[in-house]
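The values are calculated or read from the model by the stated rules, or taken from the named source; none is laboratory data. Note that the structure is a prediction, hence the values are computed from the model and not measured. Ideal geometry is used to build each Cβ from the backbone, glycine not excepted, and the neighbour counts take in all protein chains shown. Heads up: the accessible areas ignore ligands, DNA and RNA and are worked out on the full protein's heavy atoms, side chains in. Shrake-Rupley method; radii C 1.70, N 1.55, O 1.52, S 1.80 Å.
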Amino acid sequence: MEISREILIGMYSKMLLLRRFDEKVVELYRSGMKGLYHLTAGGEAVAVGVCSALSQDDYILSTHRGKGHYLAKGGDLQAILAEFMEKQTGCNRGKGGPMHIIDPSVGMLGANGIVGSSLPIACGAALSAKLRRSGQVAAAFFGDGAANSGVWHECMNLAGIWKLPVIFVCENNFYQESVPVSRHSSIQDLYARAAGYNIPGYGIDGMDVSAVYEAAVEAVQRAKRGDGATMLECKTYRFHGHSEADPTKGLRYRSGEELAAWLEKCPLKQAKARLLERGWIADAELEAIDQRCTQGIEEAVNFAKSSPDVPAEWALKDVFTDDQGEICHEGC
Amino acid sequence: MKDVNYRTVVAGAIREEMERDERVFLMGQGVQAGGSYMTCEGLFDLFGPDRVRDTPISEDSVVGCAVGAAITGLRPIVEILYCDFALRAMDQIANQAAKYRYMSGGRMAAPMVIRTSCGYGASRAAQHSQSLESMFFHFPGLKIALPSSAYTAKGLMKSAIRDDNPVIIMESFQFYRTAGPAPEGDYTIPLGKAEVKKEGTDITLLAISAMVPQAMKAADSLAGEGIDVEVIDPLTLVPLDMETIVNSVQKTNRLLVVEGGTKRGGVGSEIIASVVEEAFDHLDCPPSRLAVPNTPIPFASNMEDLVLPNSASIANAIRRMLR
Ligand SMILES: Cc1ncc(C[n+]2csc(CCOP(=O)(O)OP(=O)(O)O)c2C)c(N)n1
Ligand SMILES: [Mg+2]
């Protein structure tokens, strides 16, 4: 498949947005923004490659590391930053925060604080699309660590027997927090497991946005044809620590040389080099893209800052759709 | 009104809702063959494999699938034969389904029903005899219904399926062999309205699920001794009809809660705490709980009889409280 100039520039711009967003989050976090932030940096090609193959009304389900997936799916910069900053305009009205980003308007059905738990929800969204004959697909992002949860195996089997229009996107960044994949998984090429569930599985260079995109397009087509699920194992790396609570970039358990080698494979660097090599972009345009990203983020920060704080009483709403059912209706 | 078998009523209620609303579908182990307790009989023939889905033994992912389907516009029903097995799915039930509405700031809803059983008294031992309603009770965001008759089985099932929130329906398997009056055609019973099964003036006896018939029997025998028991079946634990319970206690000035679950951290503990907060001044004696002492359920019938409340132990407890 030949990827057009337009698509590659689009994907490069998205990846840059995700990177600049991460940088802004670090800055805000260091100056007191609350929450636990697991950043995307290093994994941009997976988020953007997959989401670029999806339509607006397709679904994604994500993980604790879900901010990039949301933005890649067309998420709202203002809504996510307002959420982090505890504002009324936040996408979850202040009740979710960085691990629970939900925004049905772009098909983001949920990041998740419980590793592996978004996988069956993706299967359910896919089942729903199939029963409604809507033609939608669901992409489920998960880490190498999540691939060892019981529910992952259940989901692969379910998707296999029910031929669900779901794409299992494994972000194998070689670590489950500090535990390397060599110590947590009985097999290093996780995609090989897909065969056991009668699902096609592919190992993809997760630092190459074009490779991810191509594989995702094929998986989407398979799902829409009614031929069921696909597993894409994208080998990638995270450039930060597991979360921003670890400012050492994970150097307690991985070497600086290893990190440096992966930084060389940076997905943005690669995409930029390809654009330049093909003469598809000029320096000025690259500069303009960067400026647009930075400016959009700056505007979103200002929007969030000027939004009203969430009222504390909202904590008592939204337990039920009818806001009833609580046992202490008086005096509590 | 003629008597109908409880399980036929359950299947009928699901059938009527599936006919009424094409978003409703059913998943469970063996539901295509009618379900292990035959509570889904005939549904597969009517609705086919898309809407009546047999599942692998994957409670966690099947409930998760229901969550995913519910938040994208369908109304799934999952059958989990014994509530003991629901422990496998507690992450999806408690961390996901119960919290979707809340975590999304009210932007999403997970309208789904989990049908499961609770029950004991059939020599099924520790892993098939639990009444885990107090576990579900703990998590904000889940509604819980425990129908105790054919009539309530149908009305509550229909309300649960039409509700926009996740609802757990616990059917005590003792009831599957019973029959009772249940009108044909459409009717619902609101979630959150207790049923006063028998009016009385001396003590309020709140009975959960399979304890309802035991409570009625105890009330009957105590009537012969001149003790007038008011029996209340809450029908739903969330929402809980505190108004009916508190009104009753204000009249009788005494409260006994009887349940088939573990005493410690049980439903009775919570209800009594709430009654004490709301109606302490009306109580003439300490409110009391009758429940399984803090043991698992044993196999041998004499041991099982010992740990579970029954009409005789309920009557004894009431005699003590009135002394
Ligand atoms: C069920 C569960 N166990 C443990 C955790 C704590 N935890 C959060 S993220 C994480 C590592 C996940 O690794 P992986 O799936 O590879 O994702 P990555 O962080 O590398 O993107 C762990 C152990 C959790 N959130 N949920
Ligand atoms: Mg990982």
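Details
- Which listed residue, of A:175, A:191, A:213, is out of contact with any Pro (no Cβ under 7 Å at 6 or more places or on another chain), of a type outside the set (D, E, K, R) and more than 16 Å from ligand 2 (Cβ to nearest atom): A:213
- In segment B:172-183, the residues that are among the β-branched types (Val, Ile, Thr) reach residues that are open to solvent by less than 40 Å² (accessible area, probe 1.4 Å) and not in a loop (DSSP other than H, G, I, E, B) with C-beta atoms within less than 7 angstrom, at least six apart or across chains, in these pairs: B:178/B:6.
- Residue within segment A:110-125 that is more than 9 Å from chain B (Cβ to nearest Cβ), within 16 Å of ligand 2 (Cβ to nearest atom) and not in a helix (DSSP H, G or I) present: yes
- In segment A:121-137, the residues that are touching a strand residue (DSSP E or B) at 6+ places or on another chain (Cβ under 9 Å) and in contact (Cβ under 8 Å) with a residue 12 or more places away in the chain: A:121, A:122, A:123, A:125, A:126, A:127, A:129, A:136, A:137
- Residue within segment A:219-236 that is within 21 Å of the chain's Cα centre (by Cα), of a type outside the set (A, V, I, L, M, F, W, C), open to solvent by less than 10 Å² (accessible area, probe 1.4 Å) and within 15 Å of ligand 2 (Cβ to nearest atom) present: yes
- Within segment B:157-180, being within 14 Å of chain A (Cβ to nearest Cβ) and either under 15 Å from the mean Cα position of the chain (by Cα) or open to solvent by 10 Å² or more (accessible area, probe 1.4 Å) (or both) holds for B:159, B:160, B:162, B:163, B:164, B:166, B:167, B:168.
- Qualifying residues in segment A:136-145 (those that are more than 14 Å from ligand 1 (Cβ to nearest atom) and part of a loop (DSSP other than H, G, I, E, B)) - the one farthest from residue A:258 (Cα to Cα): A:136
- Selection over segment A:155-172 of residues that are open to solvent by 20 Å² or more (accessible area, probe 1.4 Å) and within 14 Å of ligand 1 (Cβ to nearest atom) gives a count of 1.
- Any hit, segment A:114-122, residues being within 16 Å of ligand 1 (Cβ to nearest atom) and surrounded by fewer than 24 Cβ atoms within 10 Å (Cβ to Cβ): yes
- For residue A:202, the conditions (1) hydroxyl-bearing (Ser, Thr, Tyr); (2) within 21 Å of the chain's Cα centre (by Cα); (3) within 13 Å of ligand 2 (Cβ to nearest atom) are fulfilled apart from (3).
- Qualifying positions in segment A:51-78 - under 21 Å from residue A:135 (Cβ atoms) and either in a loop (DSSP other than H, G, I, E, B) or out of contact with any strand residue (DSSP E or B) (no Cβ under 9 Å at 6 or more places or on another chain) (or both): A:52, A:53, A:54, A:55, A:56, A:57, A:58, A:73, A:74
- Checked against the criteria, residue B:22 counts as open to solvent by 20 Å² or more (accessible area, probe 1.4 Å) and not basic (Lys, Arg).
- Test result for residue B:60, within 7 Å of chain A (Cβ to nearest Cβ) and on the phi < 0 side of the Ramachandran plot: yes
- Subset of segment A:42-66 [within 16 Å of ligand 2 (Cβ to nearest atom), over 14 Å from residue A:142 (Cβ atoms) and under 11 Å from the mean Cα position of the chain (by Cα)]: A:44, A:45
- The one condition from (1) open to solvent by 10 Å² or more (accessible area, probe 1.4 Å); (2) assigned to a helix (DSSP H, G or I) that residue B:1 does not meet is (2).
- All of (1) of a type in the set (Ser, Thr, Tyr); (2) farther than 30 Å from residue B:241 by Cα; (3) more than 25 Å from the chain's Cα centre (by Cα) hold for residue A:321 with one exception: (2).
- Looking only at segment A:1-60, and only at residues there that are without any contact (Cβ under 8 Å) to a residue 60 or more places away in the chain and of a type in the set (A, V, I, L, M, F, W, C), the one that is least open to solvent (accessible area, probe 1.4 Å): A:18
- For segment A:131-151, residues that are more than 9 Å from chain B (Cβ to nearest Cβ) and under 20 Å from residue B:27 (Cα atoms) total 1.
A quick yes/no check of all residues on (1) closer than 25 Å to residue B:132 by Cβ; (2) of a type in the set (A, V, I, L, M, F, W, C); (3) outside the structural domain of residue B:137 (by TED's automatic domain parsing):
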| site | (1), (2), (3) |
| --- | --- |
| B:19 | no, no, no |
| B:30 | yes, no, no |
| B:41 | no, no, no |
| B:54 | yes, no, no |
| B:59 | yes, no, no |
| B:70 | yes, yes, no |
| B:91 | yes, no, no |
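- Looking only at residues in segment B:260-300 that are within 14 Å of chain A (Cβ to nearest Cβ) and open to solvent by 60 Å² or more (accessible area, probe 1.4 Å), the one that is nearest to residue B:237 (Cα to Cα) is B:270.
To keep it simple, each residue is scored yes or no on (1) within 14 Å of chain B (Cβ to nearest Cβ); (2) away from ligand 1 (no atom under 15 Å from the Cβ); (3) of a type in the set (S, T, N, Q).
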position	(1), (2), (3)
A:180	no, no, no
A:187	no, no, no
A:198	yes, yes, yes
A:203	no, yes, no
A:210	no, yes, yes
A:224	no, yes, no
A:228	no, yes, no
A:236	no, no, yes
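- Number of positions in segment A:246-282 that are within 16 Å of ligand 2 (Cβ to nearest atom) and surrounded by fewer than 13 Cβ atoms within 10 Å (Cβ to Cβ): 1
- Candidate set from segment A:161-213 (those that are touching a Phe, Trp or Tyr at 6+ places or on another chain (Cβ under 7 Å) and polar (S, T, N, Q)); member that is nearest to residue A:48 (Cα to Cα): A:173
- If only residues of segment B:229-253 that are crowded, with 24+ Cβ neighbours inside 10 Å and part of a loop (DSSP other than H, G, I, E, B) are counted, the one that is nearest to the chain's Cα centre (by Cα) is B:235.
- Scanning segment B:84-136 for residues that are touching a strand residue (DSSP E or B) at 6+ places or on another chain (Cβ under 9 Å), under 30 Å from residue A:83 (Cα atoms) and open to solvent by 30 Å² or more (accessible area, probe 1.4 Å) yields a count of 1.
- Candidates are the residues of segment B:40-57 that are open to solvent by less than 30 Å² (accessible area, probe 1.4 Å) and farther than 24 Å from residue B:92 by Cα; the one that is nearest to the other protein chains (Cβ to nearest Cβ) is B:48.
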